[in-house]
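Reviewing the structure listed below.
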Amino acid sequence: MQIHTTAEPELAWQEQALCAQTGSDFFFPEPGSSVREAKYICRLCEMRPACLEYALTHDERFGVWGGLSEKERLQLRRT
Ligand code: SF4
């Protein structure tokens, strides 16, 4: 019997997300704080494309997703 730990198939990439190992603090910093550490981790994460696509599809407004900040994702949506 195979056990699935992710309820939604579209979230399967999260099981291999590097941020799942580091904790979410870097990715949801206080307003005005640096997102440099989060972006560094994202650059090493193989799930980056799936993560960014998910964030754009679900209009995630807060935090760093797929290596992009809130502002960068907003700019990407406008192009
Ligand atoms: S790309 Fe997405 S899944 Fe990977 S570390 Fe960054 S925020 Fe987490």
Within the range 64-79, take every residue that is of a type outside the set (Gly, Ala, Ser) and near the ligand (Cβ under 10 Å from one of its atoms) and give me the one that is nearest to Phe26 (Cα to Cα). Val64
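Quick check, is Arg61 surrounded by fewer than 12 Cβ atoms within 10 Å (Cβ to Cβ), within 14 Å of Cys19 (Cα to Cα) and more than 8 Å from the ligand (Cβ to nearest atom)? So that I can check it myself, show each step before the final result.
Numbers: surrounded by fewer than 12 Cβ atoms within 10 Å (Cβ to Cβ): yes; within 14 Å of Cys19 (Cα to Cα): no; more than 8 Å from the ligand (Cβ to nearest atom): yes.
In short, no.
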Count, please, the residues in the range 25-49 that happen to be without any contact (Cβ under 8 Å) to a residue 24 or more places away in the chain and either within 10 Å of the chain's Cα centre (by Cα) or in a helix (DSSP H, G or I) (or both). 7
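Step by step: first the residues of the range 26-42, then only those that are more than 15 Å from Gln16 (Cβ to Cβ) and in contact with a Gly (Cβ under 6 Å, 6 or more places away or on another chain), then the one that is farthest from the ligand (Cβ to nearest atom). Which residue is that?
If we filter the range 26-42 for residues that are more than 15 Å from Gln16 (Cβ to Cβ), which is where we start, we get 26-40.
Going one step further and asking which of them are in contact with a Gly (Cβ under 6 Å, 6 or more places away or on another chain), we end up with 27-28, 39.
Numbers: Phe27: 5, Phe28: 10, Lys39: 8 Å.
By that ranking, first place goes to Phe28.
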For the range 50-79 the number of residues that are under 25 Å from Pro9 (Cβ atoms), part of a loop (DSSP other than H, G, I, E, B) and not β-branched (Val, Ile, Thr) is 8
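Each reported figure results from applying straightforward, stated rules to the coordinates on display, with no laboratory input. A quick note: this is a predicted structure, and the numbers were derived from the prediction, not measured. Please note: Cβ atoms are built from the backbone with ideal geometry, for glycine as well, and neighbour counts cover all protein chains shown.
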